[in-house]
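The values are calculated or read from the model by the stated rules, or taken from the named source; none is laboratory data. Fair warning: this is a prediction, and the values are worked out from it, not measured in the lab. Glycine also receives a Cβ, built like all others from the backbone with ideal geometry; neighbour counts cover every protein chain displayed. Keep in mind that these areas ignore ligands, DNA and RNA; they rest on the heavy atoms of the full protein, side chains included. Shrake-Rupley method; radii C 1.70, N 1.55, O 1.52, S 1.80 Å.
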Amino acid sequence: MVPRYSRPAMSALWEPEAKFRIWFEIEAHATQKLGEMGVVPPSAGKALWDWWATNPKIDVEAIDAIEAVTKHDVIAFLTWVAEQVGDEARFMHQGMTSSDVLDTTLAVQLARATDILLEDMDALLAAIKIRAEEHKYTPTIGRSHGIHAEPVTFGLKLAQAYAEFDRSRERLIAARKEIATCAVSGAVGTFANIDPEVETYVAEKLGLTPEPVSTQVIPRDRHAMYFSTLAVIAGSIERLAVEVRHLQRTEVLEAEEYFSPGQKGSSAMPHKRNPILTENLTGQARMIRGYAMPALENVALWHERDISHSSVERFIGPDATITLDFALARLTGVVEKLLIYPKRMQSNLDAMGGLVHSQRVLLALTQAGVSREDAYRLVQRNAMKVWKSNGAMSLLELLKGDEEVSAALNNAELEEKFDLEYHFKHVDTIFRRVFG
């Protein structure tokens, strides 16, 4: 994880002490249940929780020192806890295996991380909705292939982003459910040395669902789906970020990132106002997507268990969630403070002599009895004159002067086809679909 792109709440989930605290909870809950079932003395679970009630600081350095000898992180942790608790600690980990602790802990961390991500998504959606309503009817040009197409509104651009992130929110909820599973099934997952009731108990205490068949590890198709979901969200972040970057280009300048007092855009050129936040988001999105592939490759483990996935997840678990948390928060700030220039949008709409209304004329000609092929030819030959003039000519005036066009449509009928408001008659319908 990179501190520059980290936020405290998410980062805290992945600190070593936070991990060890979850390890302890798993072990203590399992020991407690084993005590209730008469497998170990009830005093064992009580001794663990009594010690825990003092809220001790986890000595990460001491555990690391033990691991340097044992070369096994779970054994090092159990050894350290036993040193703190005393004789009753020998009943910890009865019938369990390391993956029971490691996999269940990862599930807890990812579930809690997802709760933060869902809060981030809610904040982003709220910001987008406010700006979409603000610019519901602000005219701007829609582009296909980067070329002027037909008029839209800036509110519709934002409504599209809202709908996309709303879908991602639903995917994230599903991903949380997929990942939040618990395994306390012992070696090769058979429950030979621990009762399934212990797993059910631990799962309930930690807010998880028992894994139906763990094979000693929780199947990694769950994790593949989870990190793929984060990758899709990253793609949506980049899509909106790239839109802002394009709109901020000097030739376009329909919107731009907020430029704060005292901010500098270039060490060499004092005039520069660069889209650094959205460029940064593009880079972060690439990283988050990159974490999905190792998760997909983790699915194919050897037999009931190997640890080829372990080192991968030590990277991608923290890095993907921390980076996405930061990216969602940054994008929310970009949307909230985005500078929007309606006059420039209108200027760009008008820049090409009315070419954006060509389809309406095409359709009107066909409805007036002209074949589609001829209608296309008539409109295009006039449109190309406007194009070559770089918008200096007027498509409407050229069409009025075209005898073949005038034979089908009079001046009033042609002028009506250049009404900008025509394109916005269903904006309310689209907004109802998106926002309810």
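Annotations
- Residue among ILE276, SER236, ALA375 farthest towards the positive dipole end of the chain, charges placed on Cβ: ALA375
- Compactness of the stretch 163-208, taken as the C-alpha radius of gyration over 2.2 N^0.38 Å, stands at 1.62.
- Computed Rg/Rh of the stretch 244-325, alpha carbon atoms with Kirkwood Rh: 1.24
- Viscosity 0.890 mPa s, 25 °C: Kirkwood-radius Stokes-Einstein D of the stretch 221-268 over Cα pairs, µm²/s: 183
- Share of pairwise Cα separations in the chain, more than 40 Å, in percent: 41
- With all protein chains modelled, accessible area of MET1 [1.4 Å, Å²]: 100
- Between TRP49 and GLU297, the modelled label-to-label distance comes to 4.4 nm, taking each label 7 Å out from Cα in the direction of the beta carbon.
- Applying the Kirkwood pairwise sum to the alpha-carbon positions of the stretch 69-123 produces a hydrodynamic radius of 13.5 angstrom.
- Net charge of neighbours whose Cβ lies under 12 Å from the Cβ of LYS337, counting Lys and Arg as +1 and Asp and Glu as -1: -1
- Hydrodynamic estimate: the Kirkwood radius of the stretch 308-371 over Cα pairs, inserted into Stokes-Einstein at 10 °C and 1.306 mPa s, corresponds to D of 93 µm²/s.
- All C-alpha to C-alpha distances of the stretch 1-136, sorted into 5 Å bins beginning at zero, yield P(r) values of 2, 9, 16, 17, 17, 12, 8, 6, 4, 4, 3, 2, 1, 0 percent in whole numbers.
- Gaussian network model of the chain, Cα within-10 Å springs - most flexible of ALA68, ALA159, ALA383: ALA68
- Surface composition of the chain: carbon plus sulfur atoms contribute 54% of the solvent-accessible area (1.4 Å probe, protein chains only, all chains present).
- The mean accessible area for residues of the stretch 136-256, using a 1.4 Å probe and ignoring ligands and nucleic acids, is 41 Å² per residue.
- The stretch 99-257 - convex hull of the alpha-carbon atoms, volume per residue in Å³: 119
- Accessible heavy-atom area order of MET269, MET37, MET96, highest first, probe of 1.4 Å: MET269, MET37, MET96
- Sites listed here are chymotrypsin sites (Phe, Trp or Tyr not before Pro) in the stretch 360-432 whose DSSP assignment is loop and whose Cβ has at most 13 other Cβ atoms within 10 Å, and the list is empty.
- Projected over every direction and averaged, the convex hull enclosing the alpha-carbon atoms of the stretch 174-247 yields 5.8 nm².
- Residue order for TRP14, TRP302 - accessible surface, 1.4 angstrom probe, largest first: TRP302, TRP14
- Per-bin percent of Cα-Cα distances, the stretch 313-436 [5 Å]: 2, 9, 14, 14, 12, 10, 8, 8, 6, 6, 5, 4, 2, 1, 0
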